[in-house]
Structures are given as structure tokens and as C-alpha cells.
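Beneath this line is the structure, given in C-alpha cells, with notes to follow.
The values are calculated or read from the model by the stated rules, or taken from the named source; none is laboratory data. All values reported here derive from a predicted model rather than from experimental measurement. In this analysis, Cβ positions are derived from the backbone assuming ideal geometry, glycine residues included, and neighbour counts consider all displayed protein chains.
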Amino acid sequence: MASESSRQLAAQAWYKPKTIKMKMIPELAEAFAEILDTIWSQPWLGNATTGELIEELKARSNLDYKTAG
């Protein structure tokens with residue numbers, strides 16, 4: 001089940017100049033919203049959880065840690 005904010009963003013696809021005359025398909029909007037939630041939960045987008053941030057800080061506190069090969 002998608003978040004409300006993702007649903008609202010997905011629904012905006014039907015209010016663009018090129019799509020405003022298209023009939024909204026609720027199942028498709030929900031699928032878009034679920035995809036948005038999946039992407040937004042990725043830490044590489046800056047949406048890391050507190051736990052993920054703590055684990056990253058622990059890893060970086062190790063003197064052998066390198067960000068690149």
C-alpha cells in the first residue's frame with residue numbers, strides 16, 4: 001500500500017497539459033505511488049532512516065573505511 005503523499009504525486013500525472021484530458025486509472029496511479037515509495041526509501045536519495053545513518057557513521061568511524069576503491 002502506497003503512502004498518501006506518493007498517491008498525491010502520482011495523481012498529478014493526470015493534471016499535466018499533455019494528460020489532462022485522459023481518464024485517470026486508479027490502479028495505475030496506485031502502482032506509480034508504490035514505485036515512488038520504493039524509490040524514496042533508498043538511502044542513496046538522502047532519505048536514510050536514523051538507523052541507516054547511525055550504521056553509516058559507525059562504518060566511517062573505522063580508520064580503514066574508504067568511500068572509493
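Yes/no per residue for (1) at pLDDT below 85; (2) surrounded by fewer than 10 Cβ atoms within 10 Å (Cβ to Cβ):
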| position | (1), (2) |
| --- | --- |
| Lys16 | no, yes |
| Ile20 | no, yes |
| Ala33 | no, no |
| Gln42 | yes, no |
| Ala48 | yes, no |
| Leu57 | yes, yes |
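So how many residues does region 16-43 have that are aliphatic (A, V, I, L, M) and outside any loop (DSSP other than H, G, I, E, B)?
Initially, region 16-43 is screened for residues aliphatic (A, V, I, L, M), giving 20, 22, 24-25, 28-29, 31, 33, 35-36, 39.
This time we only want the ones that are outside any loop (DSSP other than H, G, I, E, B), so: 28-29, 31, 33, 35-36, 39.
Summing the residues that are aliphatic (A, V, I, L, M) and outside any loop (DSSP other than H, G, I, E, B) in region 16-43 gives 7.
Quickly run through region 1-14 and pick out the residues that are part of a helix (DSSP H, G or I) and surrounded by 11 or more Cβ atoms within 10 Å (Cβ to Cβ).
Ser5, Ser6, Arg7, Gln8, Leu9, Ala10, Ala11, Gln12, Ala13, Trp14
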